[in-house]
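Inspection log for the structure reproduced underneath, given as structure tokens.
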Amino acid sequence: MNKRIYLDYSATTPMKKEVLDEMMPYFSEKYGNPSSIYSFGREAKQAIDVARDRLAKAVGASSKEIFFTGGGSEADNWAIKGIAYANRNKGNHIITSKIEHHAVLHVCEYLEKDGFEVTYLDVDEYGMIDLEQLKEAITDKTILITIMYVNNEIGTIQPIKEIGKIAKEKGVYFHTDAVQALGNIPIDIKELDVDIMNFSAHKIYGPKGVGGIYIRKGVKIHPFIHGGAQERKRRAGTENVPGIVGFGKAAELATQNLDSHIAHVKRLRDKLIEGIQNNIDYVRLNGHPTERHPGNVNFCFEFIEGESLLLSLDMVGIAGSSGSACTSGSLDPSHVLMAIGLTHEIAHGSLRLTIGDFTKEEDIDYVVEHLITIVDRLRQMSPLYEGVKGGK
Amino acid sequence: MNKRIYLDYSATTPMKKEVLDEMMPYFSEKYGNPSSIYSFGREAKQAIDVARDRLAKAVGASSKEIFFTGGGSEADNWAIKGIAYANRNKGNHIITSKIEHHAVLHVCEYLEKDGFEVTYLDVDEYGMIDLEQLKEAITDKTILITIMYVNNEIGTIQPIKEIGKIAKEKGVYFHTDAVQALGNIPIDIKELDVDIMNFSAHKIYGPKGVGGIYIRKGVKIHPFIHGGAQERKRRAGTENVPGIVGFGKAAELATQNLDSHIAHVKRLRDKLIEGIQNNIDYVRLNGHPTERHPGNVNFCFEFIEGESLLLSLDMVGIAGSSGSACTSGSLDPSHVLMAIGLTHEIAHGSLRLTIGDFTKEEDIDYVVEHLITIVDRLRQMSPLYEGVKGGK
Amino acid sequence: MYSEKVMDHFTNPRNVGEIENADGVGQVGNAKCGDIMKMYLKIEDDTIVDVKFKTFGCGSAIATSSIATEMIIGKSVEEAVGLTNRAVVEALDGLPTQKIHCSVLAEQAVKAAIYDYAQKNNLVIKGLENYKPVDDVHDHHDHDEDEE
Ligand SMILES: Cc1ncc(COP(=O)(O)O)c(C=O)c1O
Ligand SMILES: Cc1ncc(COP(=O)(O)O)c(C=O)c1O
Ligand code: FES
Ligand code: FES
């Protein structure tokens, strides 16, 4: 297998050359500890400051409100546990949705075991929450609303501005996981009533293992990692200097190139969606038709199972992902596909292809061509397809 | 300033070339997400497995008991909070020492606010805990003993084997922070009754922002970062693949070179200690004379203050650190120096110089030479020194 | 993740299809759980002369079905009843732990088809005396390490 067509940009991205170039000096030359007072400790400290400014600028925040973490998941954990435990005296109720990332859902479940109450909002068939349901869910015990900006599986974009308004009106903190939003839609925190927002570098052509979090000034939150005085005493641990530098660069590139990035991936995304819809029967596009991550394609192919589809694609060099239970090794297919109302049978046959900056037009042709053959081959093998063929 | 003599290896280390070489392919080529099923996701997964085996081998553990984290501090937080909350039904008492790293102490203080009781054991003038005091401190509410292996400031090595025996006898979990031990003394977990031990890559010529933790099979502990199923469901978040690969390589190198590393730094350490003791009056070596980190030198220079000493050293290209209050921006000098019984006055004048693989013999000569002049200059400026000179 | 043997049987599955007027047909699993296997047997003189299968499932479900058909062609009915999921796993040079249940499915599909043959012909087959058709082998689906 020589061809490699990567269509899993929502899982992770390759690091851009500009990002790596900027990181390189901090591994073995400018390796000083940013907390030290000698010159080249200060060098490292300055590099972190630059990165912080860049990330702040990318999302319309002030640098003082940006902190670096060891990844997007750590930031989700920090946001939710940090707010929950710091505001326990005010209430023990949290509102989230059924389609959050596991880094949000599993934290909520953990908190439920520790005396918190969590409302999991429904979503409609496109993955949208209902603002009325949200309003009704808020009680005088509610301390936090946590609703993601852009869904990682089906790409649906939530009405963050409206949610923020509701939260603000009711005096409830609002956290949004913006890991899939950064670099894919414009973000301007100044325009939003968001109290906490988090990001991950490896989703925007930056390094793995580095995340960021915006914490609005004045928000009552506990630290999550206690220890040294790094990150203005809010996140302990020797800073991952090269990683942070890389994240800063990636954030800068992402905003500079945002328009062209969106135009590029959207065009290929629409081509891929059409290619599939025009050539393959019994498919269903998951997610919202318009309020959607510009590079997200998510289909269910009836009568076949996602893992076999992925393996077959892998054999011709195409990398995608699936919400099928067989892939994850768990009993149920993706909670997101369940929440938008798919039956188990159909959810098993899901395929997510996510497009990025290095995707080329001819890649899409290649993928559609192979998908047609592969889906047909797997359906010929499927006992579920037998009844259907005749009627066609 | 062209000369640069780095003597702060206990703060952080430069990454070795072999480490960086091994990491490089995972940034922009083998960038697949290890959780994916396509071929080059598996490639990344295998790389993590190799790293895990290497770290396991370096410390005498089985690979299944090793997990990667986003740094040494995260691992300390995980170990202590994870055990505390998972065993709360058994008891609420934790025993630690007064000279732990902040990543341990501040977690303990946080837990105290949440209903836990913590005993902070004293240490003697060399920084050693007292095993009898430990035994007496254990009650039927004690769930965890957390005592560091090697102290980061004064280098004292605790009797981990004996502590483990006591813990085991009493049926109490034992965690040891081995961040400064790895790569500096031989570690063989098989020989120790330790339940949890943690490490940090950037202290052993590996990357910043990557840590590791050994969790003995069967230990009851909560996850710290909830979310995806990474690290066998125990530590969520997309793995820092290059970082983990680098840590694995660094751990392998550290064990392969352990004897020569120890011989090298010990020789230069002793030379530096003698150089200072033979040439400068009114100095005090902190830490244990023999049970000591092989590269750790920690002196108090009476009548002068640590920050001015550091700045002066920095001007001639020498990088060290200090437990002085002025360096940290906090009111009190290092809690470690206080715990070994130093007065504030003396503790302020502390200087830690830590030696590593790239330190050369002539560096030591250079440092001693400059220290003599600098200390003298600062003392001439010090009102405390006035009374003393005459008597000399 | 998968051995070469698994990938071979996944990519070039043997004996895919249906047998018209099969002597025994068995189906196990259910779509809800993401796996269905259907086996068709042609039996002459107590010997399995032809087998075909259809499978809805993951890569290892398809591979185990494929190799199971190969393993029972030419065997006596009694021998085929003795096919174990372990033998299937071994023949495939192993399966990941979370995929072992797929091999159980293959074993069950063969048994179900032979049971159908026995029912149609009023036979009692050694090894199948206490057999009850099941379509749920999902206890095996959950295999993850415990979170403590
Ligand atoms: C003894 C000890 N524990 C924990 C840490 C924290 O490790 P990290 O900087 O990787 O978070 C350090 C170093 O800063 C240390 O010396
Ligand atoms: C929406 C969302 N939140 C959180 C995360 C977790 O980020 P990380 O992998 O950096 O821990 C991801 C990606 O895995 C994501 O897509
Ligand atoms: S059919 Fe679901 S794991 Fe094999
Ligand atoms: S003398 Fe200035 S901070 Fe201590």
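The numbers here are math on the coordinates, done by the rules we state, and not lab data. It should be emphasised that the depicted structure is a prediction, and the values quoted were computed from it without experimental measurement. Don't worry about glycine lacking a Cβ; one is built from the backbone with ideal geometry, like all the others, and counts go over all protein chains shown.
Cysteines without a disulfide-compatible partner in the protein assembly as shown, using Cβ under 4.7 Å as the rule?
Here A:Cys108, A:Cys300, B:Cys108, B:Cys300, B:Cys326, C:Cys33, C:Cys102 come out as lacking a disulfide-compatible partner, given the Cβ-Cβ threshold of under 4.7 Å.
Could you list the residues of the range A:74-97 with an amide nitrogen less than 14 Å from a label point located 7 Å from the Cα of A:Lys141 in the Cα-to-C-beta direction?
Under cut-off, by backbone N: A:88-95.
Could you work out, for chain A, what percent of all Cα-Cα pairs fall into each 10 Å distance bin, beginning at 0 Å and stopping at the bin that holds the largest distance?
Histogram of Cα-Cα distances, whole percents per bin: 5, 22, 30, 24, 14, 4, 1, 0.
Taking θ = phi - 60°, what integer Hz values does the Karplus form 6.51 cos²θ - 1.76 cosθ + 1.60 yield along the range B:357-364, in sequence order, with x for Gly and Pro?
Result, ordered by residue: 4, 9, 6, 10, 3, 5, 4, 5 Hz.
Kindly write out, for the range A:214-224 in residue order, the coupling ³J(HN,Hα) from the Karplus curve 6.51 cos²θ - 1.76 cosθ + 1.60 (θ = phi - 60°), rounded to whole Hz, with x marking Gly and Pro.
Taking θ as phi minus 60°, the curve returns 9, 10, 4, 4, x, 5, 8, 8, 7, x, 9 Hz for the range A:214-224.
Given only helices, namely DSSP H runs of n ≥ 4 each adding -39500 (n - 2.57), what is the per-residue ellipticity at 222 nm of the protein assembly as shown, to the nearest 500 deg cm²/dmol?
Numbers: 37 runs with 397 residues, N = 932.
So the helix-based figure for the protein assembly as shown works out to -13000 deg cm²/dmol.
Please state the relative contact order of the range A:1-155 as a whole percent: Cα pairs under 8 Å, 6+ residues apart?
Numbers: 145 pairs, mean separation 28.0, N = 155.
Contact order relative to length: 18 percent.
How many partner chain Cβ atoms sit within 10 Å of a residue's Cβ in peptide A:298-307, on average, as a whole number?
Per-residue shielding by partner chains comes out at 3.
Could you give me D for the protein assembly as shown, from Stokes-Einstein at 20 °C and 1.002 mPa s, where the hydrodynamic radius is the Kirkwood radius over C-alpha pairs? Units µm² s⁻¹, please. Kindly include the intermediate steps, with their values, before the conclusion.
Values: Rh = 30.0 Å.
Using the Kirkwood radius from Cα pairs, D works out to 71 µm²/s.
Tell me, what is the percent relative contact order of the range C:4-128, built from C-alpha pairs under 8 Å that lie six or more residues apart?
Numbers: 242 pairs, mean separation 36.7, N = 125.
Contact order relative to length: 29 percent.
Provide an ascending nm list, one decimal, of label-point separations from B:Tyr282 to the equivalent residue in each further copy; define each label point as 7 Å from Cα along Cα→Cβ.
Distances to the matching label points in the other copies: 9.0 nm.
Other chains near C:29-38: what is the mean number of their Cβ atoms within 10 Å of each residue's Cβ? Before the final figure, lay out the partial values.
On the way: counts 1, 2, 11, 8, 8, 15, 4, 5, 1, 4.
Mean partner-chain Cβ count within 10 Å for C:29-38: 6.
Give me the angle, in degrees from 0 to 90, between the Cα long axis of helix A:258-279 and the longest principal axis of the Cα atoms of chain A, rounded to the nearest 10.
20
Label position 7 Å from Cα toward Cβ: report the copy-to-copy distances for B:Arg232 in nm, one decimal, ordered from shortest.
4.0
Roughly what would the spin-label model give for B:Lys220 and A:Arg267, points 7 Å off Cα along C-beta, in nm?
Inter-label distance under the simple model: 6.1 nm.
Under 11 Å from the Cβ of A:Ile340, count the other residues' Cβ atoms, weight Lys and Arg +1, Asp and Glu -1, and hand me the total.
Numbers: positive: A:Lys98, A:Arg284; negative: A:Asp122, A:Asp124, A:Glu125, A:Glu153.
For residues surrounding A:Ile340, the net value is -2.
Could you state the orientation-averaged shadow area of the convex hull built on the Cα atoms of the range B:160-233, in nm² to one decimal?
Projected area, direction-averaged: 5.8 nm².
Return the long-range amide H neighbours of B:Lys30 (sequence gap of 5 or more, or a different chain), with a cut-off of under 5 Å between placed amide H atoms.
Those lying under 5 Å, H to H, from B:Lys30: there are none.
Show me, bin by bin at 10 Å from 0, the whole-percent P(r) of chain C based on Cα pairs.
With a bin width of 10 Å, the distribution comes to 12, 45, 33, 8, 1, 0.
Tell me, A:Lys271, B:Lys141, C:Lys99 in order of fewest to most beta-carbon neighbours within 10 Å? Could the numbers behind the result be given before it?
Values: A:Lys271 17, B:Lys141 12, C:Lys99 26.
By the 10 Å Cβ count, ascending: B:Lys141, A:Lys271, C:Lys99.
Lys and Arg at +1, Asp and Glu at -1: add these up for the other residues within a Cβ distance under 13 Å of A:Gly320 and post the number.
-3
Tell me the Kirkwood hydrodynamic radius of the range A:264-338 in angstroms, computed as one over the mean inverse distance between distinct C-alpha pairs. It would help to have the intermediate numbers written out before the result.
On the way: mean 1/r = 0.0742 Å⁻¹.
Every distinct Cα pair counted, the radius reaches 13.5 Å.
Sorting check: for A:167-174, A:148-155, which peptide has the highest mean count of neighbouring beta carbons within 10 Å, and how do the rest follow?
Numbers: A:167-174: 18.6, A:148-155: 26.5.
Ranking, from highest mean packing down: A:148-155, A:167-174.
Using the Cα centre of chain A as origin and beta-carbon charges of +1 (Lys, Arg) and -1 (Asp, Glu), tell me which of A:Ala56, A:Leu131, A:Ile37 is placed farthest towards the positive end of the dipole.
Value computed over the given set: A:Ile37.
Tell me which lysines have Cα within less than 20 Å of C:Lys42's Cα, excluding those fewer than 8 residues away on the same chain?
The reachable lysines, counting only those whose Cα sits under 20 Å from C:Lys42, are C:Lys52, C:Lys54, C:Lys75, C:Lys111, C:Lys120, C:Lys126.
So for each of A:181-191, A:316-326, A:110-120 I average, over its residues, the number of other beta carbons within 10 Å; can you give me the resulting order with the highest mean first? Intermediate results must be reported in sequence, preceding the final value.
Numbers: A:181-191: 19.5, A:316-326: 24.0, A:110-120: 15.8.
Ranked by mean Cβ neighbours within 10 Å, highest first: A:316-326, A:181-191, A:110-120.
Ordered shortest first, which distances in nm separate the 7 Å Cα→C-beta label point of A:Lys360 from those of the other copies?
Taking the point 7 Å beyond Cα along Cα→Cβ, the inter-copy spacings are 4.9 nm.
Taking each residue of A:98-105 in turn, how many C-beta atoms of other protein chains fall within 10 Å of its C-beta, and what is the average? Working shown, then result.
Values: counts 0, 0, 0, 3, 5, 6, 2, 2.
Shielding by partners across A:98-105 averages 2.
Separation between the B:Arg377 and A:Arg284 pseudo-spin-labels, each 7 Å from Cα along Cα→Cβ, expressed in nm?
So the two model labels end up 7.7 nm from each other.
If you take every residue apart from B:Gly91 with its C-beta less than 13 Å away from the C-beta of B:Gly91, what net charge results, scoring Lys and Arg +1 and Asp and Glu -1?
It works out to a net charge of +3.
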